[in-house]
Amino acid sequence: SNADESRLLPSPQLLSSQSLLLPPQVASPGMEIDAAVRASSDARLRTKYDNAVYVVQRAFALYPFGEIAFSFNGGKDSTVLLHLIRAGYYLHKTSCGDEAQINTVQNCPLRTIYFETPCAFPEINSFTYETVSTYGLPLETIRSDFKSGLEGLLKEKSTKAIFIGTRIGDPNAVGQEQFSPSSPGWPPFMRVNPILDWSYRDVWSFLLTCKVKYCSLYDEGYTSIGSIYDTVPNALLSDSSTGNSFRPAYMLSDGRLERAGRAKKTSNKTETNSVASNGMNNAEGEQMISRSASVIVVGDEILFGTVEDKFGAALCKKLHEIGWRVSQVTVVHNEIDSVAEEVEQCKSTDDVVSFCRLLHFRPFQVWHVM
């Protein structure tokens, strides 16, 4: 059930984000990320991981390494993406039969972009620079708006593709696919979104399974981090036993309420109340979240790459237009057990599940499960 979601995650056993990181001198290579996920009993996580690292490997096969960049912001999603890139890089080198490098590939020295702003949390800045140092990432810090920064970046050095940690449900995710060209009016590059179909639960399952470090704010009740002006701890994680502290982000049982802490602070009074209680009780927090839907696309042709999934994106757009928030899009095999398992999983977290199936010589058929 939805209330049991947190119990599906690997037991943190009192591990905090500060205790999860291996010392820098023995920072786990991508192969250890791969081994940790494959040893997990979480079949859903293994499937999400396989699909994501396939996208990463495909990007490395399509574009020269020097013309790919990684947009890192220190948040949980881009932290997941960092380690998926490292694992995908290792698997890419292995699949290429690069014997000279297989035993020496420890990290992935991918050009990394960080848009630093004055309104970022100090903890986010610290974690970003620490992580970059730990994994030997060549960092380019940009202190301008996103569009201007990208324009300058692309003029300075050829950049064909950028890995981005966008997930369905994010404000900018509408209409995006795993490979999506930049929007009209923006510098031309390919947006690569390996975790587009990951849920909140998938993100935390991965982080806890792989025992990698994440920003310490997530251990203080923050579930979605923006700027210091619009982000407070999630009231749904308030610890009633103490009254003034919050449980870790991975204990949020309903991923639909991930952004409940992203409330705009409009006055000093609001800010004071928000820091203490997020300015609302649990019932009010649930009411401010729009009804959510999952989209399941059934089709081996899509998974095999012989057919491009355009209908899933179109369905997401339609759902957004009528006021529904799409929490995730998943592509599954044309097998009844695979479909049933995914439907049951989505029903536990969303108000409605829309799934469509590609039929030969006929358009998609769509069903809705309430």
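Return an integer: the convex hull volume of the alpha-carbon atoms of the stretch 162-252, in Å³ per residue.
129
Tell me, Kirkwood radius of the stretch 31-192 from alpha-carbon pair distances, in Å?
It is 16.7 Å.
Between V297 and residues 5 or more places away or on another chain, which pairs have amide H atoms under 5 Å apart, with H built 1.01 Å from N, and which residues are they?
For V297, the qualifying residues are T330, V331, V332, C356.
Step through the residues of the stretch 118-132 one at a time and calculate ³J(HN,Hα) from phi using the Karplus curve (6.51 cos²θ - 1.76 cosθ + 1.60, θ = phi - 60°), rounding each to whole Hz and writing x for Gly and Pro.
Couplings: x, 9, 6, 5, x, 5, 5, 4, 4, 5, 4, 5, 5, 5, 4 Hz.
Roll a 1.4 angstrom probe over the protein heavy atoms and tell me the percent of accessible area of the stretch 31-192 that is carbon or sulfur.
54
Given contacts defined as C-alpha pairs under 8 Å and at least six residues apart, what's the relative contact order of the stretch 31-192, whole-number percent?
25
If each of K317 and A61 carries a label point 7 Å out from its Cα toward its Cβ, how far apart are those two points in nm?
2.8
Near K160, within a Cβ-to-Cβ distance under 13 Å, what is the net charge of the other residues, with Lys and Arg +1 and Asp and Glu -1?
+2
Compute the relative contact order of the stretch 113-259 as a whole-number percentage, counting only Cα pairs closer than 8 Å that sit 6 or more residues apart in sequence.
Computed value for the stretch 113-259: 19 percent relative contact order.
So how far apart, in nm, are the two label points at A35 and T306 if each is 7 Å from Cα heading toward Cβ?
3.7
Do the alpha carbons of any pairs in K147/K213; K48/K76; K48/K310; K93/K211; K93/K147; K157/K310 sit beyond 26 Å of each other, and which pairs?
Beyond 26 Å between Cα atoms: K147/K213; K93/K147; K157/K310.
The values are calculated or read from the model by the stated rules, or taken from the named source; none is laboratory data. Just so we're clear, the structure is a prediction, and the values are computed from it rather than from any experiment. Cβ atoms come from the backbone with ideal geometry, glycine included; neighbour counts cover every protein chain shown. Keep in mind that these areas ignore ligands, DNA and RNA; they rest on the heavy atoms of the full protein, side chains included. Shrake-Rupley method; radii C 1.70, N 1.55, O 1.52, S 1.80 Å.
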